[in-house]
1. Any residue in region 485-493 that is of a type outside the set (Ser, Thr, Tyr), assigned to a helix (DSSP H, G or I), open to solvent by less than 10 Å² (accessible area, probe 1.4 Å) and in contact with a strand residue (DSSP E or B) (Cβ under 9 Å, 6 or more places away or on another chain)?
2. Return the only residue of Val320, Val308 being open to solvent by less than 50 Å² (accessible area, probe 1.4 Å), hydrophobic (A, V, I, L, M, F, W, C) and either without any contact (Cβ under 8 Å) to a residue 24 or more places away in the chain or touching a Leu at 6+ places or on another chain (Cβ under 9 Å) (or both).
3. Tally time: how many residues in region 506-523 are modelled with pLDDT of 95 or more and part of a loop (DSSP other than H, G, I, E, B)?
4. Taking the stated definitions as given, is Ala511 on the phi < 0 side of the Ramachandran plot, within 14 Å of the chain's Cα centre (by Cα) and among the aliphatic types (A, V, I, L, M)?
5. If we keep just the residues of region 371-393 that are of a type in the set (Phe, Trp, Tyr) and within 14 Å of Thr477 (Cα to Cα), which is least open to solvent (accessible area, probe 1.4 Å)?
6. Among the residues in region 451-468, are any under 30 Å from Glu245 (Cβ atoms), modelled with pLDDT of 95 or more, of a type in the set (Phe, Trp, Tyr) and not in a loop (DSSP other than H, G, I, E, B)?
7. Condition test on Val497, is it part of a strand (DSSP E or B), touching a residue at least 60 places away in the same chain (Cβ under 8 Å), out of contact with any Phe, Trp or Tyr (no Cβ under 7 Å at 6 or more places or on another chain) and β-branched (Val, Ile, Thr)?
8. Tally the residues that are assigned to a loop (DSSP other than H, G, I, E, B) and farther than 30 Å from Asp601 by Cβ, restricting the search to region 388-437.
Amino acid sequence: MSFRWSYAAVPLVVFLLVVGLSAYFYHLLPAEVAVHFENGTPDGWLSPLMTMVLALLPQLLLTLVALILAWVMTRLASRFWSREGTRANPRTIVALMGNMIALPQIVFGFAIADIFVYNAYRIHLPPLWIFALAFMVAGGIIIGVVFVRAIRWEWGGRNQQGVIVTEAKSSQVDMEKLVSLCRRRGFIFPSSEIYGGLSSCWDYGPLGVELKRNIKQAWWRAVVQRRDDMVGLDTSILMHPQTWEASGHVEGFSDPLVDCKSCHKRWRSDELEGDKCPDCGGELTEPRLFNLMFKTFIGPIEDEASVVYLRPETAQGMFVNFENVLNTTRKRLPFGIAQIGKSFRNEVTTGNFIFRCREFEQMEIEFFVKPGTDKQWFDYWVEERLKWYVSLGIKKENLKLRQHAKEELAHYARECYDINYLYPMGWAEMEGIANRGDFDLVQHAKSSGKNLSYYDEESKEHIVPYIIEPSAGVDRTALALLCDAYDEDVADGESRVLLHFHPSIAPIKVAVLPLSRKETLTPLAKEVYAELRQHWMVQYDEVQSIGRRYRRQDEIGTPFCVTIDFQSLEDRQVTIRERDSLRQIRVPIESLKNTLQTKLDGEDLFVLPPGGKIWKEGTKGSKE
């Protein structure tokens, strides 16, 4: 959270007001009294000018204290008041703490008025002091009440995912800035925008689709490709309706809904404080349960016999295919099934950009283990999934684990942890890891009449495996990566916006930039571009100055830019520029592909290939 002058606005306004009143009182003094005081008197009275200066001194000191206090509170607020279990708004708290200094300032303001009146007319004004003290007490009570209400300790208040979402603002990025960047640079667009858009639906643009693809590839590589105990699956979005009856979704997958009788907006009653509409203060209807599944019909006739649902999760497709996977892969416990796919939930309340949408993509694992070993594997997957987010470049301080209390566990869960990320709107769930026990296989076995047990060779018994489920959202992961990568700094004396994407996640790995659009450079630049795009997603850009093109690539998170200049025509060498450090090296075109590969894999830029040389040290934050 950044410092704002509004956090100490009242002390500043009071100071300016007192200065104005002091000058006004000074000019009100009778001429003879002013002359008398300016010449001095035997009893040592101060001149009106000196009186004003000395009276304003504590005002100035208190204003400085207010600014310092507001700055200190700004530094502490994100750490202290955004912790789990509170819905404190640190901006409100900082403003209140800074502006509380205005109370003694007001008293000093009244004191100045009294001093001037006494100097001019030799009388005190007791009612003035009484009014000042009363004003200070009343103001203190008001600020105290607002302060307490801003804290609002609510250890039980959670959102629909079971997460205590605070109002604490992340210090990383303002959501409006992020949405603007995503739209401007082609990451994410509002769906059906030419028709006014559709609430909570988003389209991923040319860069956004690459970002999502890279996230899914990184996940698949980590949980399937590099493991010998995991297989993949891609199940249908439409499933037999009995699937959702067995899983409990038809009866229990619902939220309590209320309507405002005045503005007709709908809210989840478990997320509201009080019994009034948050927008207009109108009266609310009685809560009623609202099923979150999208209902549709299969076939030409719309009747109860043809009702099907768009799946609200990918997990059930893996449960009903347990026997198929077991028979075709000959896997032995423990083993897992992984799936990436679209899910649909008719959420009552959506928002916060792509954080909560009605159509979203999930990355889910159903890991089957022997009963009795489930606790060990549950702990393993909690740690493993947390490490994966760190490997993508997300800062550790922006991640935390939150264990679900017993009263908030889902009906199928024995234990559950959330991996929370500090989004701009506060801490919220990015992934959930649950120990589902044997609930799902038992339910589907009962409902379908099929045997979904596992024959254990060691015990010579049929057992129903327990299931550990790490469930992540592609969209929420993308939002977390965008928030975590966003930065603003100074490069070569100019401010810039950049995304510090990990190379494995960056939508564009390399940009090829000819120094100018002259025909002599174009053929060589196109040759380099054609070679590199065989290996990575590469952009070619020759429009505007080289500095502006660098800035465009920084803004979309491209790790490296390759510049072809006129010297390249003579020595067939090109310049590689690193996004974060702004360092540059010059390497032969023949070794360009291998050099970029090693740099994308994490090798330091200044580890040079044969024939390479350091071209430029970093100039971040300075002018050339």
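1. Yes, because at least one residue in region 485-493 is of a type outside the set (Ser, Thr, Tyr), assigned to a helix (DSSP H, G or I), open to solvent by less than 10 Å² (accessible area, probe 1.4 Å) and in contact with a strand residue (DSSP E or B) (Cβ under 9 Å, 6 or more places away or on another chain).
2. Sole residue among the options that is open to solvent by less than 50 Å² (accessible area, probe 1.4 Å), hydrophobic (A, V, I, L, M, F, W, C) and either without any contact (Cβ under 8 Å) to a residue 24 or more places away in the chain or touching a Leu at 6+ places or on another chain (Cβ under 9 Å) (or both): Val308.
3. So the answer is 4.
4. no
5. Ranking the candidates gives Tyr389 first.
6. Yes: one or more hits.
7. Yes, satisfied.
8. Number of matching residues: 10.
The values are calculated or read from the model by the stated rules, or taken from the named source; none is laboratory data. This structure is a prediction, so every number in the text was calculated from the model and none was measured. Positions of Cβ are backbone-derived with ideal geometry, glycine not excepted, and every protein chain shown enters the neighbour counts. Remember, those area values only see protein heavy atoms, side chains included, never the ligands or the DNA or RNA. Shrake-Rupley method; radii C 1.70, N 1.55, O 1.52, S 1.80 Å.
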